[in-house]
1. Would you mind counting up the charge near Asp254? Only other residues with Cβ under 13 Å from its Cβ, with Lys and Arg at +1 and Asp and Glu at -1.
2. For segment 56-182, just say rounded, prolate or oblate: build the C-alpha gyration tensor, square-root its eigenvalues into a ≥ b ≥ c, call rounded for a/c under 1.5, and beyond that prolate if a/b exceeds b/c, oblate if not.
3. Is any residue of segment 234-264 close enough, with backbone N under 15 Å, to a label point placed 7 angstrom from the Cα of Leu291 along the Cα-Cβ axis, and if so, which?
4. Given a Förster radius of 35 Å and the C-beta distance between Asn108 and Glu336 as r, what FRET efficiency does 1/(1 + (r/R0)^6) yield to the nearest 0.05?
5. Amide H to amide H under 5 Å from Gln158: which residues, 5+ apart in sequence or cross-chain, H placed 1.01 Å off N in plane?
6. Are any of the pairs Lys238/Lys258; Lys66/Lys258; Lys66/Lys378; Lys66/Lys250 more than 28 Å apart by Cα-Cα distance, and if so, which?
7. Please get the size of the charge dipole for segment 283-425, origin at its Cα centre, with Cβ charges of +1 on Lys and Arg and -1 on Asp and Glu, quoted in debye to the nearest 20.
8. Label-point separation (nm) for Asp389 and His299, each offset 7 Å from Cα along Cα-to-Cβ?
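Every number in this text was worked out from the coordinates using simple rules, so none of it is lab data. Computed from a prediction, not measured in an experiment: that's the story for all the values here. A quick note on method: Cβ atoms are made from the backbone with ideal geometry, for glycine too, and the neighbour counts reach across all protein chains shown.
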Amino acid sequence: MFDHLPRRTFLRGAGVAMALPLLERFAPGALLSSDVRGPGRMVCLCATLGLHQPLFTPEGTGHDYKLSPYLEPLARHKRDFTVFSGLSHPEVDGGHSSEASFLTAAPNPASSNFRNSISLDQYALDHLNPDTRFPHLTLGIAGPSLSWTRAGVQIPAQSSPSQLFEALFLDGSAEQKRARTDAIADGRSVLDLVAARAKRLQDRSPAGDRRTLDQYFTSVRELEQRMQASEAWVDKPKPQVDYAPPTDVKDRSDFVAKQSLMYDMMRLALQTDSTRVITLMLSGNNLVPALDGIEVDWHNLSHHGKDPEKIEQLRRIELEEMNLLAGFLDSLADTEEAGGRLLDRTLVLFGSNLGNASMHDTRNMPMLLAGGSALGMKHAGHLAFDADDHPPLCNLHVSMLQALGVETDTFASGTGTLTGLEVRI
């Protein structure tokens, strides 16, 4: 009977497994739990419609560079971040499709036979086991996520701050807890059924398909482990925070309010050690943003064709994005933890998959890394690389992984740590 199971149904079985909310990774190890530096955190942010490079890239290099207009809002943190120019992922093209490869570096994302690989956040969690209620949060503003499993399955994004707040901080009734436990048990039943049917198919499959199914089984086993970890947290009380339960922003064009609220949720999640790894897709859209003086939709403005009027409107939008990022960094810097700042134990990667959005060009991606001084990250001001002859962007990811305690010299296209960025381990 399984021989005739439609492929779409089989993939839906895999999708059910991946779609369980807020259960993103559980693997053996320890995320700096015994390190005297305290627990390390990582936040990865991608602005999918790009950032106008002439307004982002600073003048000069090293620590004495001049802040660009887009970096001015971050002036308070100049010694706490490194800005990069000239970097990109080798063989990652495809314009907007390249957002799928932002944290994976998987080549040719627009091709018909594209297969993604594991994202930076999930790779870290494969090697580390944060002892938190939610090992990982996959978030979005109005679209898909940045996170991909080892099997190349995209993890669904949570885009509702109110639902996220409830999951993080509201205990729920005894009946709701029982329902949660029952849901986990039901999820195991689904996994058992799909895995059993897939095993029968594997026994009659050619070698290439068997390898694909092996990867699928690995994902199933990992999910089973995550579900066991989730069940252990069901009856543990959630942290209390001095923050009223939020109401989701209904106006899709009000990206400032939507991003601001999500940044608040992220800060609370990190502050309460509810999670230590977060990804957030900062998706733009085809709507006219709710900002004074903006008359053209965001996507259209990103394809400005050097039109001065469009660039001016785009500047207002993207400057608001940078102001929001600055506010998030402010909140981490103002949050004390064990005699230090939360920012010092948090790596914040911010950038875009597009170097020149107007041309759908994926080279010279705007990128900065903030925080992490207590994890050994020694910031270098502005590191400028030759856009035609540069190390792979994933070398930066290797530096981040080492700061978090992952013992690796490679990740995706990365072949070592990034030249000029020192990590004191």
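1. Details: positive: Lys250, Arg252, Lys258; negative: Asp248, Asp251, Asp292, Glu320.
With Lys, Arg at +1 and Asp, Glu at -1, the net is -1.
2. Numbers: a/c = 2.40, a/b = 1.42, b/c = 1.69.
The shape class here is oblate.
3. 253-260
4. Once rounded, the FRET efficiency stands at 0.15.
5. Those qualifying (amide H under 5 Å, at least 5 residues apart or on another chain) are Thr138, Leu139, Gly140.
6. Values: Lys238/Lys258 25 Å; Lys66/Lys258 31 Å; Lys66/Lys378 19 Å; Lys66/Lys250 39 Å.
Beyond 28 Å between Cα atoms: Lys66/Lys258; Lys66/Lys250.
7. Working: 9 positive and 21 negative charges, 60 e Å.
The dipole of segment 283-425 has a size of about 280 debye.
8. 4.0
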